[in-house]
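**Student:** Below is the structure I would like to discuss, written out as C-alpha cells.
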Amino acid sequence: MEYNPRSPRYWDAEAAAQDMRAAFDVCNGCRLCFNLCPAFPALFEAVEGHEDDVSRLAEAEMDRVADLCYQCKLCFLKCPYVPPHPFDLDFPRLMLRWRAIRVRRRGLAPADRFLGNPERVGTMGHRMPALANWGNRQPWFRAWLERRMGIDRRRRLPRFAPVRFSTWVRRHSAPAPAPDVVVFSTCTVEYHEPGIGQATMAVLRAHGMQPAVPEGQVCCGMPALDGGDMDGAIRRARQNVAVLAPHAQAGRPILALQPTCAYVLKKEYPLLLGTDEAKAVASATQDVTEYLAAALKSGRLPAAFARSLGTVTYQVSCHTKAQGLATAAKSLLEQVPGTTVSVVDACAGIDGTWGFKAEFFDLSQRVARRMTEAFERQRGTRACSDCALAGLQIAVGAGQPPRHPVELLAYAYGVFTPPGMDGQDKGENHATVDHG
C-alpha cells in the first residue's frame with residue numbers, strides 16, 4: 001500500500017485501484033468496522049454484488065466508498081491490519097489517496113473548492129460579519145448556496161465573530177520574545193470562536209505562563225485533504241511548519257485549539273512533507289485539552305478554583321479519540337470541585353466538510369442521531385465538546401451551543417467568562433462580542 005504523496009506510485013491510478021481492491025478484500029473478510037461509518041456497508045454491498053470478487057469492482061463503486069469515508073480515523077484505531085502488519089492497511093489514508101487522484105484527473109467539485117479554502121471564506125465573511133451572519137440565516141441565500149456550492153440549506157453554519165482572534169491578540173497582547181508555549185489557533189477559532197483562544201490565553205497567563213500566537217499561520221489543511229486537494233494541503237503544511245518549526249526546535253509546546261488540527265499537525269505533516277522540521281512540529285504539538293490536563297495533574301496549574309461547573313455533558317470527538325485523548329477532558333474538568341462529567345461517546349456527523357454537503361446531509365443526521373438524542377436527554381446540563389464544528393450538531397440536541405473544555409476551565413478559575421456562561425446561552429454559537 002502507498003500512502004506517501006511524495007512517491008510517484010501514490011499518483012499511479014492503476015496502482016491505486018490495485019491497492020483499493022486489495023484493501024476491500026481484507027475489509028470484506030474482516031468486517032470488524034461494519035458499524036463505524038457508512039463507507040463500510042457500501043464497501044460490503046459492492047463486493048457482495050460481485051460474489052466477493054474484488055477484481056470486478058467498478059471505479060464508480062470505489063468512488064462511492066471513498067466519498068462515504070469522512071476521515072474520522074476510528075477504523076484505524078480498531079483495525080488489526082494497520083502498519084506494521086503485512087497487509088499495511090490504513091483505510092482513511094487510502095481513501096484520501098483515491099480522492100486526490102480523482103481530483104488530479106477531474107478537478108475539484110464546487111463544494112470541495114469552497115469548503116476546502118476556509119481562509120478565503122473567513123476573510124470574505126469578516127469584511128462585514130454581521131451582514132454575513134444575516135445572509136446565512138436567509139432561506140433565499142441558503143438555497144443559492146446549496147445550488148451553487150453544494151452546501152445543504154438545512155445545516156447550521158458557523159457564525160462569524162465580530163473580531164478575528166488574531167486581531168484580538170494584537171490588541172490585547174504584548175509580543176513575547178521568549179514565550180513558554182505557542183498557540184496554533186485554527187480557522188475555527190480565528191474566524192468563528194475566538195473565545196476558545198481567549199480562554200486559553202487567560203488560563204495560561206493567570207498562572208505565570210507566557211503564550212504567543214505566531215503570525216503567518218494558516219489552515220491546517222484538513223479541509224483541503226477532505227476534498228482531495230493534496231496540493232492545497234501540502235502548501236498549507238509548508239506554511240505552518242515554516243512558522244512553527246523554530247518554536248518546536250526551541251522546545252516550546254505547540255497547543256492546537258481544535259482536535260482535527262492537532263491530529264493533522266501530529267500525524268499528517270510528517271508524511272505530507274517528510275522533513276525534519278515537520279517531524280519537529282509534530283513532536284511538539286499537543287491538543288490544548290491534553291496539555292492542560294497534564295499541567296493540572298502535574299501541579300503546573302493549581303487546583304484553586306473559584307466556581308463549580310455542576311454537571312457537564314461532554315461529547316468526545318472522533319479526532320480526540322484518534323489522538324488517544326478520550327479521557328483528557330473528563331480528567332481535566334473533574335478536577336474542579338463539585339463537577340461531574342457525563343461522556344457522550346458518539347459521532348456528531350459533521351466530520352470536517354462532509355456533513356455540510358447536500359448529498360450527505362441526511363446521512364450525516366442519521367450518523368449523529370445517537371449523539372443528538374443523548375444531548376436531548378441531558379438538557380439543562382452544561383454541554384461541552386472539544387470540536388466546535390461538532391457543536392453545530394450538538395446544539396440541535398442540547399438546545400444550546402456547547403463550550404470547549406478550556407472555556408469551562410477558564411470560567412471555573414474565574415479568569416474568563418464567555419458570553420452567556422452566567423445565563424442561558426443564545427444563538428447559533430458564541431461569537432457575539434469582542435471580549436476585551
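**Student:** So V203 fits all but one of (1) touching a residue at least 60 places away in the same chain (Cβ under 8 Å); (2) touching a Lys or Arg at 6+ places or on another chain (Cβ under 9 Å); what number is the exception?
**Tutor:** (2)
**Student:** Same structure again: Take F40 and decide whether it is touching a Lys or Arg at 6+ places or on another chain (Cβ under 8 Å) and not assigned by TED's automatic domain parsing to the domain that holds A326.
**Tutor:** yes
**Student:** Here are R148, R155: which of them is within 23 Å of G228 (Cα to Cα) and surrounded by 19 or more Cβ atoms within 10 Å (Cβ to Cβ)?
**Tutor:** Going through R148, R155 in turn, just one is within 23 Å of G228 (Cα to Cα) and surrounded by 19 or more Cβ atoms within 10 Å (Cβ to Cβ): R155.
**Student:** Let me ask something else about it. Quick check on region 365-385: of everything there that is in contact (Cβ under 8 Å) with a residue 60 or more places away in the chain and among the hydroxyl-bearing types (S, T, Y), which residue is nearest to P41 (Cα to Cα)?
**Tutor:** Out of the qualifying residues, it is S385.
**Student:** Still on this structure, please answer the following. Go through (1) over 25 Å from the mean Cα position of the chain (by Cα); (2) crowded, with 17+ Cβ neighbours inside 10 Å and name the single condition R31 misses.
**Tutor:** (2)
**Student:** All but one of (1) at pLDDT 95 or above; (2) hydrophobic (A, V, I, L, M, F, W, C); (3) over 30 Å from R300 (Cβ atoms) hold for I350, so report the exception by its number.
**Tutor:** Against the list (1) at pLDDT 95 or above; (2) hydrophobic (A, V, I, L, M, F, W, C); (3) over 30 Å from R300 (Cβ atoms), I350 comes up short only on (1).
**Student:** Hand me the list of helices (runs of 4 or more DSSP H) wholly inside region 96-201 holding 1 or more residues that are polar (S, T, N, Q), modelled with pLDDT under 95 and touching a helix residue (DSSP H, G or I) at 6+ places or on another chain (Cβ under 9 Å).
**Tutor:** Answer list for region 96-201: 118-125, 129-136, 165-172.
**Student:** Report whether or not S298 is over 20 Å from Q210 (Cα atoms) and over 24 Å from the mean Cα position of the chain (by Cα).
**Tutor:** Taking the combined requirement at face value, the residue does not satisfy it.
**Student:** Further question on the same structure: Quick one: which strands (runs of 3 or more DSSP E) lie wholly within region 216-335 and hold at least 2 residues that are in the same structural domain as K78 (by TED's automatic domain parsing), hydrophobic (A, V, I, L, M, F, W, C) and at pLDDT 95 or above?
**Tutor:** Answer list for region 216-335: none.
**Student:** Pick from region 76-116 the residues that are free of Cβ contacts under 8 Å to residues at least 40 places away in the same chain and under 21 Å from the mean Cα position of the chain (by Cα): which of them is farthest from G324 (Cα to Cα)?
**Tutor:** F114
**Student:** Can you name every residue in region 12-21 that is touching a helix residue (DSSP H, G or I) at 6+ places or on another chain (Cβ under 9 Å) and either free of Cβ contacts under 8 Å to residues at least 60 places away in the same chain or not assigned by TED's automatic domain parsing to the domain that holds P84 (or both)?
**Tutor:** The answer is D12, A15, A17, R21.
Yes/no matrix, rows are residues, columns are (1) crowded, with 19+ Cβ neighbours inside 10 Å; (2) of a type outside the set (K, R); (3) more than 21 Å from D67 (Cβ to Cβ):
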site	(1), (2), (3)
L271	no, yes, yes
A282	yes, yes, yes
G299	no, yes, yes
F356	yes, yes, no
E359	no, yes, no
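**Student:** Within region 278-294, identify whether any single residue is in contact with a Gly (Cβ under 6 Å, 6 or more places away or on another chain), in contact (Cβ under 8 Å) with a residue 12 or more places away in the chain and not acidic (D, E), and answer yes or no.
**Tutor:** No, because not a single residue in region 278-294 is in contact with a Gly (Cβ under 6 Å, 6 or more places away or on another chain), in contact (Cβ under 8 Å) with a residue 12 or more places away in the chain and not acidic (D, E).
**Student:** Please name all residue pairs, on different chains or six or more residues apart, with Cβ atoms under 6 Å, provided the first residue is in region 304-321 and is touching a residue at least 24 places away in the same chain (Cβ under 8 Å) and the second residue is among the polar types (S, T, N, Q) and not in a loop (DSSP other than H, G, I, E, B).
**Tutor:** Final answer for the pair search is S308/T339; L309/T339; T311/T340; T311/T381; T313/S342; T313/T381; Q315/S385; H319/T260.
**Student:** How about region 361-396: which of its residues are under 21 Å from T188 (Cα atoms) and assigned to a helix (DSSP H, G or I)?
**Tutor:** The answer is F361, S364, A368, A388, L389, A390, G391, L392, Q393, I394, A395, V396.
**Student:** Consider only pairs whose beta carbons are under 6 Å apart and that are at least six residues apart or on different chains; among these, list those whose first residue lies in region 29-52 and is in a loop (DSSP other than H, G, I, E, B) and whose second residue is of a type in the set (A, V, I, L, M).
**Tutor:** L36/L74; P38/L68; P38/L363
**Student:** Considering each residue of region 53-90, count those that are over 29 Å from V316 (Cβ atoms) and part of a loop (DSSP other than H, G, I, E, B), and give that number.
**Tutor:** Going through region 53-90 one residue at a time, the tally reaches 4.
The values are calculated or read from the model by the stated rules, or taken from the named source; none is laboratory data. Quick caveat: nothing in here was measured; it's all calculated off a predicted structure. Don't worry about glycine lacking a Cβ; one is built from the backbone with ideal geometry, like all the others, and counts go over all protein chains shown.
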